[in-house]
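Quick notes on the structure that follows.
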Amino acid sequence: MATTTTLPMTKTSLRSATDLGYKTFTAGKFRFERDEYFAHIHFPGGRHIIAVDAFLRSLMRDVAWGFFYGTVNFDNVFGTVNHYGTVEMFAGLFNKGYKDANRHYVEKFQSTDLKATFEAMLIDWTNEGFDPFAAPEETGRPFGPKKGSNEKAVQRQRVVAQRMVGLKGDSPYRSDASGYPVNRQFTDVPQDEPEIHAEPGFETEVHAFNLYGYLSRSDVTWNPSVCSGVKDSLMCPTTEEYILPIIHGNDRVEWFIQATDEIVWDVDDKNTGAPMAKVTMRAGDVAAMPANIRHRGYSPKRSMLLVWENNDGRLPSMYANQELKPYPVEF
Ligand SMILES: [Fe+2]
């Protein structure tokens, strides 16, 4: 007869999430815990670990962007896929090892429900002095036991201009007075504004502003914000410094115009993560990021990038069904 011996559970010397003052969060069958250094993600059939600074920076983008376009990979295992109303949360879905071994796990949520859970987690897990939207050089550290909070920073809304920044009733300009001083790395950016001479009757139709001056006053990094829109054509400029926290999996073509300085991009296969290309973009360079890739950027110095998005809701299925080629032009 076989006998089994049950060993007493060893009391771990590590302090649990609760001892450290952090809440544990669940969404469906996913469970999230944080300790002093890491976010721990448990899901049916597996667990995953992400450095908490990287996790909070990714979580901040996913929340502020409303799950963005396509896939937001926090790393090569965990992330979300936006289905515009619903959202899938996954472990291993776009990872060849997990997929080949059938160890991936996916669960679908109402976007508003998952966003609320993510927002609560972001608020609880972000300590005083740490701003997950800021460049590492401009913020404190996220580690250790729970210490205060930084609700103002984590509740920032992404700018979404209806027509154009600065128009009457639309997103306002940034200024010293409104709390947006020129960033330390953009002190050489001219702050003069263009003169607008509209024909009588067209005063609310003709508009221009100094986009470089506006971006030089951005207090966040890697946050493409809608600064002008014409139907589905959205101009989403952003300032970048250090590393794009997420690895963005496109569900449509995205155009990049590097406005200043330099960003180096890693471009990988969207589904497997296999490396495909390394793209170095210097001021003036233009690139179209295909619809079948994921990408992560590295910006050694704070730089300005114009991301041009096509907001047409039909595009993801047209690319998925291969009605459209994944790239916009053939040479
Ligand atoms: Fe992208």
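The values are calculated or read from the model by the stated rules, or taken from the named source; none is laboratory data. These figures come from a predicted structure and were not determined experimentally. Every residue, glycine among them, receives a Cβ derived from its backbone with ideal geometry; neighbour counts consider all protein chains shown.
Just the residues that are under 20 Å from residue 164 (Cα atoms) and without any contact (Cβ under 8 Å) to a residue 12 or more places away in the chain, please, taken from the stretch 182-199.
195, 197, 198, 199
Yes or no, residue by residue, for (1) over 16 Å from the mean Cα position of the chain (by Cα); (2) within 20 Å of residue 27 (Cβ to Cβ); (3) crowded, with 20+ Cβ neighbours inside 10 Å:
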position	(1), (2), (3)
108	yes, yes, no
112	yes, yes, no
116	yes, yes, no
123	yes, yes, no
128	yes, no, no
133	no, no, yes
156	no, no, no
160	no, no, no
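If we keep just the residues of the stretch 154-189 that are at pLDDT 95 or above and touching a helix residue (DSSP H, G or I) at 6+ places or on another chain (Cβ under 7 Å), which is nearest to residue 223 (Cα to Cα)?
154
Of all residues being of a type in the set (Lys, Arg) and within 18 Å of residue 240 (Cα to Cα) in the stretch 264-294, which is farthest from the ligand (Cβ to nearest atom)? Just the residue, please.
282
Any idea which residue in the stretch 304-331 is surrounded by the most Cβ atoms within 10 Å (Cβ to Cβ), counting only those that are away from the ligand (no atom under 16 Å from the Cβ) and polar (S, T, N, Q)?
My answer is 317.
Go through (1) within 16 Å of the ligand (Cβ to nearest atom); (2) assigned to a loop (DSSP other than H, G, I, E, B); (3) touching a residue at least 60 places away in the same chain (Cβ under 8 Å) one by one and return the number of the condition residue 248 breaks.
Of everything listed in (1) within 16 Å of the ligand (Cβ to nearest atom); (2) assigned to a loop (DSSP other than H, G, I, E, B); (3) touching a residue at least 60 places away in the same chain (Cβ under 8 Å), residue 248 misses just condition (2).
If I filter the stretch 207-221 for residues that are outside any helix (DSSP H, G or I), outside the structural domain of residue 59 (by TED's automatic domain parsing) and without any contact (Cβ under 8 Å) to a residue 12 or more places away in the chain, do I get at least one hit?
no
Residue check, residue 260 against (1) farther than 25 Å from residue 87 by Cα; (2) within 16 Å of the ligand (Cβ to nearest atom), all met but one. Which one?
It fails just one condition, (2).
Within the stretch 184-193, which residues are out of contact with any Ser or Thr (no Cβ under 6 Å at 6 or more places or on another chain) and crowded, with 16+ Cβ neighbours inside 10 Å?
Within the stretch 184-193, 185 is the sole residue that qualifies.
Name every residue in the stretch 224-244 that is more than 13 Å from the ligand (Cβ to nearest atom), at pLDDT 95 or above and assigned to a loop (DSSP other than H, G, I, E, B), in order of residue number.
227, 231, 232
Residues being surrounded by 16 or more Cβ atoms within 10 Å (Cβ to Cβ) and either in contact with a helix residue (DSSP H, G or I) (Cβ under 7 Å, 6 or more places away or on another chain) or assigned by TED's automatic domain parsing to the domain that holds residue 308 (or both): count how many of those fall in the stretch 29-51.
4
Could you please let me know if residue 250 is surrounded by fewer than 18 Cβ atoms within 10 Å (Cβ to Cβ) and among the polar types (S, T, N, Q)?
Taking the combined requirement at face value, the residue does not satisfy it.
What pairs come out if I take residues in the stretch 63-84 that are not assigned by TED's automatic domain parsing to the domain that holds residue 310 and pair them with residues that are among the acidic types (Asp, Glu) whose C-beta lies under 7 Å away, six or more apart or interchain?
Taking only residues 6 or more apart or on different chains, the pairs are 63/119; 69/251; 69/309; 70/251; 72/62; 80/62; 80/88; 81/88.
Kindly establish whether residue 272 is touching a residue at least 12 places away in the same chain (Cβ under 8 Å), in a loop (DSSP other than H, G, I, E, B), polar (S, T, N, Q) and surrounded by 19 or more Cβ atoms within 10 Å (Cβ to Cβ).
No, not satisfied.
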